[in-house]
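Trainee: Can you keep this structure in mind? I'll have questions shortly.
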Amino acid sequence: MYRIGKEEIDAVARVINSGDLFKVNKGLMEVMHCEEELKLLMGCKYALIMTSGKAALISALIGMGIGPGDEVIIPAYTYIATAIAVMAAGAIPVIAEIDETLTLDVSDVEKKISKYTKAIVPVHMRGFASNMDEIMALANKYGIRVLEDACQACGGSYKGKRLGTIGNAGALSYNYYKIISTGEGGALLTDSRTIYERGLIFHDSSAVKFFGNQLDGVSVPLFAGNEYRVCEITGALLREQLKRLDGILADLRRNRKTIVDAVKDYLNIIPSNDSEGDCCTSIGIIFNNEADAREFVKAKGVEGFLPIDTGKHVYTNWEPIMEKRGALHPAMDPFKMEANRDLNHHYTVDMCMKSLNLLSCIAIIKVDPDWGEKECNERIIALKSASV
Ligand SMILES: *Cc1c(COP(=O)(O)O)cnc(C)c1O
(Lines give C-alpha, C1' and ligand atoms only; values in the text may rest on other atoms or scores of the structure.)
Protein backbone atom coordinates (compact mmCIF):
# COMPACT_ATOMS: atom_id res chain seq x y z
CA MET A 1 0.00 0.00 0.00
CA TYR A 2 2.97 2.29 -0.18
CA ARG A 3 2.98 5.63 -1.75
CA ILE A 4 6.45 5.87 -3.12
CA GLY A 5 7.69 7.25 -6.43
CA LYS A 6 9.45 10.07 -8.18
CA GLU A 7 10.04 12.20 -5.10
CA GLU A 8 11.82 9.32 -3.36
CA ILE A 9 13.81 8.49 -6.51
CA ASP A 10 14.94 12.11 -6.77
CA ALA A 11 15.86 12.22 -3.08
CA VAL A 12 17.97 9.08 -3.34
CA ALA A 13 19.59 10.39 -6.52
CA ARG A 14 20.42 13.63 -4.71
CA VAL A 15 22.32 11.66 -2.06
CA ILE A 16 24.14 9.46 -4.57
CA ASN A 17 25.10 12.46 -6.69
CA SER A 18 26.47 14.20 -3.60
CA GLY A 19 28.97 11.37 -3.30
CA ASP A 20 28.49 11.19 0.46
CA LEU A 21 26.27 8.39 1.74
CA PHE A 22 27.55 8.51 5.30
CA LYS A 23 25.47 10.37 7.86
CA VAL A 24 28.22 11.88 9.93
CA ASN A 25 29.15 15.54 9.57
CA LYS A 26 29.73 16.35 5.92
CA GLY A 27 27.46 16.07 2.91
CA LEU A 28 23.77 16.89 2.71
CA MET A 29 23.02 15.88 6.31
CA GLU A 30 19.73 14.27 5.25
CA VAL A 31 19.41 12.30 8.50
CA MET A 32 19.96 15.40 10.63
CA HIS A 33 17.40 17.39 8.60
CA CYS A 34 14.99 14.47 8.82
CA GLU A 35 15.28 14.38 12.61
CA GLU A 36 14.40 18.08 12.76
CA GLU A 37 11.40 17.54 10.46
CA LEU A 38 10.25 14.48 12.42
CA LYS A 39 10.36 16.45 15.69
CA LEU A 40 8.21 19.19 14.19
CA LEU A 41 5.73 16.76 12.65
CA MET A 42 5.36 14.67 15.80
CA GLY A 43 5.51 17.52 18.29
CA CYS A 44 8.33 16.37 20.56
CA LYS A 45 11.65 17.79 21.68
CA TYR A 46 14.01 15.07 20.47
CA ALA A 47 14.03 12.48 17.69
CA LEU A 48 16.69 9.94 16.76
CA ILE A 49 16.37 8.02 13.50
CA MET A 50 17.66 4.46 13.69
CA THR A 51 17.96 1.20 11.81
CA SER A 52 14.68 -0.22 13.14
CA GLY A 53 11.74 0.16 15.47
CA LYS A 54 13.27 -2.47 17.71
CA ALA A 55 16.53 -0.50 17.87
CA ALA A 56 14.47 2.50 19.00
CA LEU A 57 12.68 0.41 21.66
CA ILE A 58 15.97 -0.90 23.04
CA SER A 59 17.58 2.56 22.99
CA ALA A 60 14.58 4.01 24.83
CA LEU A 61 14.70 1.32 27.52
CA ILE A 62 18.46 1.87 27.93
CA GLY A 63 17.75 5.60 28.05
CA MET A 64 15.30 5.01 30.89
CA GLY A 65 18.02 3.21 32.80
CA ILE A 66 16.20 -0.14 32.61
CA GLY A 67 18.22 -3.34 32.97
CA PRO A 68 18.65 -6.54 35.01
CA GLY A 69 16.42 -6.55 38.09
CA ASP A 70 13.59 -4.74 36.29
CA GLU A 71 10.22 -5.96 35.01
CA VAL A 72 8.60 -4.29 32.00
CA ILE A 73 4.90 -4.84 31.29
CA ILE A 74 3.96 -5.48 27.65
CA PRO A 75 0.70 -6.62 26.03
CA ALA A 76 -0.12 -10.21 25.04
CA TYR A 77 -0.79 -8.94 21.51
CA THR A 78 2.21 -7.20 19.94
CA TYR A 79 5.01 -8.10 17.58
CA ILE A 80 7.63 -10.29 19.31
CA ALA A 81 10.21 -7.46 18.91
CA THR A 82 8.57 -5.60 21.81
CA ALA A 83 9.32 -8.51 24.15
CA ILE A 84 12.80 -9.13 22.79
CA ALA A 85 13.69 -5.45 23.16
CA VAL A 86 12.98 -5.76 26.90
CA MET A 87 15.28 -8.79 27.14
CA ALA A 88 17.97 -7.03 25.10
CA ALA A 89 18.10 -4.49 27.93
CA GLY A 90 18.59 -7.35 30.40
CA ALA A 91 15.09 -6.91 31.86
CA ILE A 92 12.14 -9.31 32.11
CA PRO A 93 8.96 -8.87 30.03
CA VAL A 94 5.74 -9.39 32.00
CA ILE A 95 2.78 -10.07 29.76
CA ALA A 96 -0.58 -8.41 30.40
CA GLU A 97 -4.01 -8.88 28.85
CA ILE A 98 -5.48 -6.76 26.09
CA ASP A 99 -9.11 -5.65 25.91
CA GLU A 100 -11.61 -5.21 23.06
CA THR A 101 -9.60 -2.24 21.73
CA LEU A 102 -6.75 -4.71 20.93
CA THR A 103 -4.49 -2.67 23.25
CA LEU A 104 -3.45 -3.06 26.90
CA ASP A 105 -6.16 -3.86 29.46
CA VAL A 106 -5.25 -1.27 32.08
CA SER A 107 -6.89 -3.15 34.95
CA ASP A 108 -4.75 -6.21 34.22
CA VAL A 109 -1.63 -4.03 33.97
CA GLU A 110 -2.27 -2.80 37.50
CA LYS A 111 -2.57 -6.40 38.73
CA LYS A 112 0.82 -7.20 37.17
CA ILE A 113 2.69 -4.28 38.74
CA SER A 114 5.21 -5.49 41.33
CA LYS A 115 8.01 -3.87 43.30
CA TYR A 116 10.27 -4.72 40.33
CA THR A 117 8.17 -3.01 37.64
CA LYS A 118 10.05 -0.14 35.98
CA ALA A 119 8.04 0.51 32.84
CA ILE A 120 4.88 -0.17 30.86
CA VAL A 121 5.00 -0.51 27.09
CA PRO A 122 1.57 0.26 25.60
CA VAL A 123 1.53 -0.91 21.98
CA HIS A 124 -0.76 0.94 19.58
CA MET A 125 -1.52 -2.17 17.55
CA ARG A 126 -2.76 -1.81 13.99
CA GLY A 127 -2.92 1.95 14.53
CA PHE A 128 -5.40 1.70 17.45
CA ALA A 129 -4.42 4.04 20.29
CA SER A 130 -3.92 2.56 23.75
CA ASN A 131 -5.77 4.07 26.70
CA MET A 132 -3.02 6.61 27.38
CA ASP A 133 -4.86 8.66 30.06
CA GLU A 134 -5.32 5.60 32.27
CA ILE A 135 -1.85 4.23 31.52
CA MET A 136 -0.18 7.55 32.38
CA ALA A 137 -2.27 7.83 35.56
CA LEU A 138 -1.24 4.31 36.58
CA ALA A 139 2.41 5.01 35.80
CA ASN A 140 2.32 8.20 37.87
CA LYS A 141 0.63 6.40 40.73
CA TYR A 142 3.38 3.77 40.89
CA GLY A 143 6.28 5.98 39.75
CA ILE A 144 7.11 3.94 36.65
CA ARG A 145 7.97 4.88 33.07
CA VAL A 146 5.94 4.59 29.88
CA LEU A 147 7.45 3.66 26.52
CA GLU A 148 4.93 3.79 23.67
CA ASP A 149 5.44 1.23 20.93
CA ALA A 150 3.94 3.20 18.05
CA CYS A 151 5.66 1.07 15.40
CA GLN A 152 2.30 0.28 13.76
CA ALA A 153 0.81 3.70 14.40
CA CYS A 154 3.08 6.33 12.87
CA GLY A 155 1.25 9.66 12.76
CA GLY A 156 -1.78 8.51 14.73
CA SER A 157 -2.85 10.47 17.79
CA TYR A 158 -4.59 10.26 21.15
CA LYS A 159 -6.61 13.28 22.32
CA GLY A 160 -4.73 15.49 19.87
CA LYS A 161 -1.18 14.35 20.70
CA ARG A 162 0.75 12.15 18.31
CA LEU A 163 1.23 8.56 19.40
CA GLY A 164 4.78 8.08 20.68
CA THR A 165 4.93 11.54 22.28
CA ILE A 166 2.64 10.99 25.28
CA GLY A 167 4.74 8.61 27.37
CA ASN A 168 8.34 9.22 28.50
CA ALA A 169 9.47 7.95 25.09
CA GLY A 170 8.06 6.40 21.92
CA ALA A 171 9.27 4.16 19.12
CA LEU A 172 8.30 4.29 15.43
CA SER A 173 9.11 1.79 12.68
CA TYR A 174 9.56 2.27 8.94
CA ASN A 175 9.98 -1.36 7.94
CA TYR A 176 8.18 -3.02 5.08
CA TYR A 177 4.81 -3.49 6.81
CA LYS A 178 4.25 -0.04 8.29
CA ILE A 179 2.22 3.00 7.26
CA ILE A 180 5.21 4.68 5.65
CA SER A 181 8.41 2.84 4.83
CA THR A 182 12.10 3.13 4.08
CA GLY A 183 12.42 -0.66 3.76
CA GLU A 184 13.91 -0.81 7.23
CA GLY A 185 14.13 1.99 9.77
CA GLY A 186 12.77 3.44 12.98
CA ALA A 187 12.87 6.40 15.33
CA LEU A 188 13.02 7.17 19.02
CA LEU A 189 10.90 10.13 20.19
CA THR A 190 11.18 11.78 23.58
CA ASP A 191 10.90 15.05 25.46
CA SER A 192 13.44 13.89 28.03
CA ARG A 193 16.95 15.27 27.70
CA THR A 194 18.35 12.30 29.63
CA ILE A 195 16.66 9.66 27.48
CA TYR A 196 17.76 11.54 24.38
CA GLU A 197 21.42 11.82 25.43
CA ARG A 198 21.61 8.18 26.49
CA GLY A 199 19.81 7.13 23.29
CA LEU A 200 22.19 9.24 21.23
CA ILE A 201 25.21 7.54 22.77
CA PHE A 202 23.68 4.05 22.77
CA HIS A 203 22.62 4.12 19.11
CA ASP A 204 25.97 5.48 17.97
CA SER A 205 28.54 4.96 20.66
CA SER A 206 31.54 4.65 18.42
CA ALA A 207 30.97 7.69 16.23
CA VAL A 208 29.05 9.98 18.52
CA LYS A 209 32.13 12.06 19.24
CA PHE A 210 32.20 13.20 15.60
CA PHE A 211 28.75 14.74 15.85
CA GLY A 212 30.07 18.21 16.50
CA ASN A 213 26.83 20.02 17.19
CA GLN A 214 24.78 17.01 18.28
CA LEU A 215 27.19 16.30 21.10
CA ASP A 216 27.23 19.91 22.28
CA GLY A 217 26.00 20.05 25.82
CA VAL A 218 25.79 16.26 26.22
CA SER A 219 26.43 15.66 29.90
CA VAL A 220 26.02 11.86 30.00
CA PRO A 221 29.53 10.29 29.91
CA LEU A 222 30.12 8.08 26.86
CA PHE A 223 29.36 4.40 27.48
CA ALA A 224 29.57 1.39 25.17
CA GLY A 225 26.47 1.06 23.04
CA ASN A 226 25.30 -0.42 19.77
CA GLU A 227 25.48 0.60 16.15
CA TYR A 228 22.03 1.63 14.97
CA ARG A 229 22.96 4.51 12.66
CA VAL A 230 21.25 4.87 9.30
CA CYS A 231 22.78 6.14 6.07
CA GLU A 232 21.88 9.27 4.14
CA ILE A 233 19.74 7.29 1.68
CA THR A 234 17.40 6.25 4.49
CA GLY A 235 17.30 9.84 5.74
CA ALA A 236 16.49 11.21 2.28
CA LEU A 237 13.81 8.55 1.72
CA LEU A 238 12.20 9.16 5.09
CA ARG A 239 12.04 12.93 4.49
CA GLU A 240 9.85 12.26 1.45
CA GLN A 241 7.80 9.60 3.21
CA LEU A 242 7.09 11.97 6.11
CA LYS A 243 5.68 14.53 3.67
CA ARG A 244 3.18 11.91 2.54
CA LEU A 245 2.17 10.73 6.03
CA ASP A 246 -0.73 13.04 6.87
CA GLY A 247 -2.18 12.63 3.37
CA ILE A 248 -2.07 8.83 3.71
CA LEU A 249 -3.74 9.06 7.14
CA ALA A 250 -6.46 11.40 5.84
CA ASP A 251 -7.28 8.95 3.04
CA LEU A 252 -7.24 5.95 5.40
CA ARG A 253 -9.57 7.77 7.79
CA ARG A 254 -11.95 8.80 5.01
CA ASN A 255 -12.13 5.25 3.62
CA ARG A 256 -12.54 3.66 7.02
CA LYS A 257 -15.32 6.09 7.92
CA THR A 258 -17.17 5.47 4.65
CA ILE A 259 -17.10 1.72 5.25
CA VAL A 260 -17.81 1.78 8.99
CA ASP A 261 -20.72 4.22 8.63
CA ALA A 262 -22.30 1.89 6.09
CA VAL A 263 -21.89 -1.35 8.06
CA LYS A 264 -22.08 -0.32 11.71
CA ASP A 265 -25.76 -1.23 12.05
CA TYR A 266 -25.00 -4.78 10.88
CA LEU A 267 -21.70 -5.51 12.59
CA ASN A 268 -20.13 -4.97 16.02
CA ILE A 269 -17.21 -2.63 15.43
CA ILE A 270 -14.64 -2.86 18.26
CA PRO A 271 -14.46 0.16 20.61
CA SER A 272 -11.62 2.67 20.29
CA ASN A 273 -9.73 4.75 22.86
CA ASP A 274 -9.76 7.62 20.35
CA SER A 275 -11.60 7.02 17.09
CA GLU A 276 -10.48 10.42 15.75
CA GLY A 277 -6.80 9.69 16.26
CA ASP A 278 -6.92 6.09 15.02
CA CYS A 279 -4.64 5.52 12.01
CA CYS A 280 -7.55 3.62 10.39
CA THR A 281 -5.39 0.99 8.75
CA SER A 282 -7.90 -1.59 9.99
CA ILE A 283 -11.50 -2.23 10.92
CA GLY A 284 -12.01 -4.58 13.87
CA ILE A 285 -15.28 -6.49 14.10
CA ILE A 286 -16.11 -8.56 17.16
CA PHE A 287 -18.16 -11.77 17.13
CA ASN A 288 -19.68 -13.89 19.88
CA ASN A 289 -17.39 -16.79 19.17
CA GLU A 290 -14.47 -17.95 17.04
CA ALA A 291 -16.62 -20.03 14.67
CA ASP A 292 -18.69 -16.99 13.68
CA ALA A 293 -15.58 -14.86 13.22
CA ARG A 294 -13.95 -17.56 11.05
CA GLU A 295 -17.04 -17.96 8.91
CA PHE A 296 -17.18 -14.19 8.43
CA VAL A 297 -13.58 -13.75 7.26
CA LYS A 298 -13.96 -16.65 4.81
CA ALA A 299 -17.03 -15.12 3.13
CA LYS A 300 -16.65 -13.90 -0.44
CA GLY A 301 -14.95 -10.53 -0.83
CA VAL A 302 -14.40 -9.93 2.90
CA GLU A 303 -10.65 -10.61 2.82
CA GLY A 304 -10.31 -10.48 6.58
CA PHE A 305 -8.28 -12.44 9.09
CA LEU A 306 -8.25 -13.24 12.80
CA PRO A 307 -5.38 -11.76 14.82
CA ILE A 308 -4.91 -15.12 16.57
CA ASP A 309 -3.59 -16.41 13.22
CA THR A 310 -0.88 -13.75 12.81
CA GLY A 311 2.02 -15.77 14.25
CA LYS A 312 4.60 -13.69 16.06
CA HIS A 313 2.04 -11.11 17.17
CA VAL A 314 0.54 -13.49 19.76
CA TYR A 315 2.54 -14.25 22.92
CA THR A 316 1.96 -18.02 22.70
CA ASN A 317 4.16 -18.01 19.58
CA TRP A 318 7.09 -16.16 21.15
CA GLU A 319 9.43 -19.17 21.56
CA PRO A 320 12.43 -17.30 22.99
CA ILE A 321 10.18 -15.98 25.76
CA MET A 322 7.91 -18.99 26.34
CA GLU A 323 10.93 -21.31 26.37
CA LYS A 324 13.10 -18.77 28.17
CA ARG A 325 16.07 -18.47 25.86
CA GLY A 326 16.92 -14.82 26.39
CA ALA A 327 20.37 -14.94 24.80
CA LEU A 328 22.82 -17.44 23.35
CA HIS A 329 25.41 -16.93 26.05
CA PRO A 330 24.02 -17.98 29.44
CA ALA A 331 25.66 -15.07 31.27
CA MET A 332 23.87 -12.64 28.92
CA ASP A 333 20.48 -14.36 29.32
CA PRO A 334 18.14 -12.23 31.48
CA PHE A 335 16.27 -15.39 32.55
CA LYS A 336 19.47 -16.77 34.10
CA MET A 337 20.77 -13.55 35.65
CA GLU A 338 21.05 -13.44 39.42
CA ALA A 339 19.52 -9.95 39.43
CA ASN A 340 16.36 -11.38 37.83
CA ARG A 341 16.06 -14.44 40.06
CA ASP A 342 12.99 -13.29 42.02
CA LEU A 343 11.24 -11.59 39.12
CA ASN A 344 8.06 -12.79 37.42
CA HIS A 345 9.20 -14.90 34.48
CA HIS A 346 6.62 -17.62 34.71
CA TYR A 347 5.10 -17.99 31.26
CA THR A 348 2.31 -20.39 30.35
CA VAL A 349 0.18 -20.73 27.24
CA ASP A 350 -2.99 -20.03 29.25
CA MET A 351 -1.65 -17.00 31.16
CA CYS A 352 -3.68 -14.49 29.11
CA MET A 353 -6.84 -16.38 28.18
CA LYS A 354 -8.92 -13.22 27.84
CA SER A 355 -6.53 -11.98 25.12
CA LEU A 356 -6.50 -15.33 23.30
CA ASN A 357 -10.30 -15.38 23.28
CA LEU A 358 -10.53 -11.82 21.96
CA LEU A 359 -7.90 -12.45 19.29
CA SER A 360 -10.01 -15.42 18.13
CA CYS A 361 -13.34 -13.56 18.07
CA ILE A 362 -12.25 -10.36 16.34
CA ALA A 363 -12.03 -10.10 12.56
CA ILE A 364 -9.65 -7.57 11.04
CA ILE A 365 -10.34 -5.97 7.69
CA LYS A 366 -7.46 -3.97 6.23
CA VAL A 367 -8.14 -0.52 4.82
CA ASP A 368 -6.19 0.88 1.88
CA PRO A 369 -5.62 4.64 1.49
CA ASP A 370 -5.75 4.31 -2.29
CA TRP A 371 -9.25 2.83 -2.44
CA GLY A 372 -11.73 5.02 -4.25
CA GLU A 373 -15.53 5.03 -3.98
CA LYS A 374 -15.77 1.86 -6.08
CA GLU A 375 -13.45 -0.22 -3.89
CA CYS A 376 -15.09 1.06 -0.69
CA ASN A 377 -18.52 0.12 -2.07
CA GLU A 378 -17.34 -3.36 -2.98
CA ARG A 379 -16.07 -3.78 0.55
CA ILE A 380 -19.34 -2.50 2.03
CA ILE A 381 -21.38 -4.95 -0.05
CA ALA A 382 -19.12 -7.88 0.90
CA LEU A 383 -19.21 -7.01 4.63
CA LYS A 384 -22.97 -6.53 4.66
CA SER A 385 -23.72 -9.77 2.84
CA ALA A 386 -21.32 -11.70 5.10
CA SER A 387 -23.05 -10.25 8.17
CA VAL A 388 -26.39 -12.02 7.57
C1 LIG B 1 7.21 -3.70 13.44
C2 LIG B 1 7.07 -3.64 14.89
C3 LIG B 1 8.17 -3.51 15.75
C4 LIG B 1 9.58 -3.56 15.29
O5 LIG B 1 9.88 -2.76 14.22
P6 LIG B 1 11.18 -3.11 13.35
O7 LIG B 1 11.40 -1.83 12.62
O8 LIG B 1 10.83 -4.26 12.48
O9 LIG B 1 12.27 -3.41 14.30
C10 LIG B 1 7.94 -3.37 17.11
N11 LIG B 1 6.70 -3.39 17.61
C12 LIG B 1 5.62 -3.53 16.82
C13 LIG B 1 4.26 -3.51 17.45
C14 LIG B 1 5.76 -3.69 15.45
O15 LIG B 1 4.68 -3.87 14.69
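The values are calculated or read from the model by the stated rules, or taken from the named source; none is laboratory data. What you see is a predicted model; the values in this text were computed from it and never measured. No Cβ is skipped: glycine too gets one built from the backbone with ideal geometry, and neighbour counts run over all protein chains shown. Areas reflect the complete protein model, heavy atoms only, side chains present, ligands, DNA and RNA absent. Shrake-Rupley method; radii C 1.70, N 1.55, O 1.52, S 1.80 Å.
Trainee: For the chain, with a Gaussian network of springs between Cα atoms less than 10 Å apart, report the residue from T348, T165, T182 with the top mean-square fluctuation.
Mentor: T348
Trainee: In a solvent-free Debye calculation with one equal scatterer on each Cα, what is log10 I(q)/I(0) for the stretch 244-381 at q = 0.15, 0.21, 0.22 Å⁻¹, listed in the order of the q values?
Mentor: -0.83, -1.22, -1.30
Trainee: Could you work out the relative contact order of the stretch 269-321? I mean the mean sequence separation of Cα pairs under 8 Å and 6+ apart, divided by the number of residues, in percent.
Mentor: 18 percent
Trainee: Output wanted: per-residue J couplings in Hz (rounded whole) for the stretch 236-246, from phi through Karplus 6.51 cos²θ - 1.76 cosθ + 1.60, θ = phi - 60°, x for Gly and Pro.
Mentor: Working through the residues one at a time gives 5, 4, 5, 4, 6, 4, 4, 5, 8, 4, 5 Hz.
Trainee: Follow-up question, since we're still on this one. Would you mind checking which residues have amide H under 5 Å from V94's amide H? H placed 1.01 Å from N; only 5 or more apart, or other chain.
Mentor: Long-range HN contacts for V94: V72, I73, I74.
Trainee: So what is the relative contact order for the stretch 1-114, in percent, with contacts set as C-alpha pairs under 8 Å and at least six apart?
Mentor: That works out to 16 percent.
Trainee: At a 1.4 Å probe radius, carbon and sulfur cover how many percent of the accessible area of the stretch 282-333?
Mentor: Carbon and sulfur atoms account for 55 percent of the accessible area of the stretch 282-333.
Trainee: Run lengths n ≥ 4 of DSSP H only: what is the helix-derived mean residue ellipticity at 222 nm for the chain, with -39500 (n - 2.57) per run over all residues, to the nearest 500?
Mentor: Value at 222 nm, helices only, nearest 500: -11500 deg cm²/dmol.
Trainee: Once amide H atoms are built 1.01 Å from N in the peptide plane, which residues 5 or more positions from D204, or in another chain, come under 5 Å H to H?
Mentor: Those lying under 5 Å, H to H, from D204 are N226, Y228.
Trainee: Starting with the highest mean, order 88-95, 259-266 by the number of other Cβ atoms within 10 Å, averaged over the residues of each peptide.
Mentor: 88-95, 259-266
Trainee: How much FRET efficiency would the formula 1/(1 + (r/R0)^6) give for R325 and H346, where r is the Cβ-Cβ distance and R0 is 22 Å, rounded to 0.05?
Mentor: 0.90
Trainee: Continuing with the same structure: Taking the convex hull of the Cα atoms, report for the chain its projected area averaged over all directions, in nm².
Mentor: 19.1 nm²
Trainee: Leaving out ligands and nucleic acids, and using a 1.4 Å probe, what accessible area per residue does the stretch 1-100 come to in Å²?
Mentor: 35 Å²
Trainee: Counting only protein heavy atoms, what percent of the accessible surface of the stretch 78-169 is carbon or sulfur at a 1.4 Å probe? Spell out each step's value before the answer.
Mentor: Numbers: 1290 of 2700 Å².
That share works out to 48 percent.
Trainee: Moving on. Quickly rank 219-227, 195-203, 248-256 as a protection proxy: mean count of other C-beta atoms within 10 Å, highest first.
Mentor: 195-203, 248-256, 219-227
Trainee: When you count, for each residue, the other Cβ atoms within 10 Å and take the mean per peptide, how do 231-238, 149-156 rank with the highest first?
Mentor: Highest mean packing first, the order is 149-156, 231-238.
Trainee: Taking a quarter of the surface of the Cα convex hull of the stretch 108-150, what do you get in nm²?
Mentor: Mean orientational projected area (the stretch 108-150, Cα hull): 2.9 nm².
Trainee: Each residue of the stretch 365-381 in order: what ³J(HN,Hα) in whole Hz does its phi give by Karplus 6.51 cos²θ - 1.76 cosθ + 1.60, θ = phi - 60°, with x for Gly and Pro?
Mentor: 10, 6, 10, 10, x, 8, 5, x, 4, 5, 5, 4, 5, 4, 5, 4, 4
Trainee: Between their Cα atoms, which of K23/K54; K264/K374; K243/K264 are more than 22 Å away from each other?
Mentor: K243/K264
Trainee: Multiplying the sequence separation of R254 and M136 by 0.36 nm and subtracting their Cα-Cα distance, what value in nm do you get? Can you show the working numbers first?
Mentor: Numbers: separation 118, 0.36 × 118 = 42.48 nm, distance 2.98 nm.
In short, 39.5 nm is gained.
Trainee: Assign one of three labels to the stretch 138-209, namely rounded, prolate or oblate, based on the Cα gyration tensor with a ≥ b ≥ c the square roots of its eigenvalues; rounded applies when a/c is under 1.5, prolate when it is not and a/b is larger than b/c, and oblate otherwise.
Mentor: oblate
Trainee: Out of the total accessible area of the stretch 349-388 (probe 1.4 Å, heavy atoms of protein only), what percent is carbon and sulfur? Before the final figure, lay out each step's value.
Mentor: Numbers: 1060 of 1940 Å².
After summing per-atom areas, the C and S share lands at 55 percent.
Trainee: Just list whichever of K6/K312; K45/K161; K6/K159; K159/K384; K45/K115; K115/K312 have alpha carbons separated by over 25 Å in the model shown.
Mentor: On the way: K6/K312 34 Å; K45/K161 13 Å; K6/K159 35 Å; K159/K384 31 Å; K45/K115 31 Å; K115/K312 29 Å.
K6/K312; K6/K159; K159/K384; K45/K115; K115/K312, as the Cα separations exceed 25 Å there.
Trainee: So which GluC sites (Glu not before Pro) in the stretch 327-382 are both in a DSSP loop and have at most 10 other Cβ atoms within 10 Å of their Cβ?
Mentor: Within the stretch 327-382, no GluC sites (Glu not before Pro) qualify (loop, at most 10 other Cβ atoms within 10 Å).
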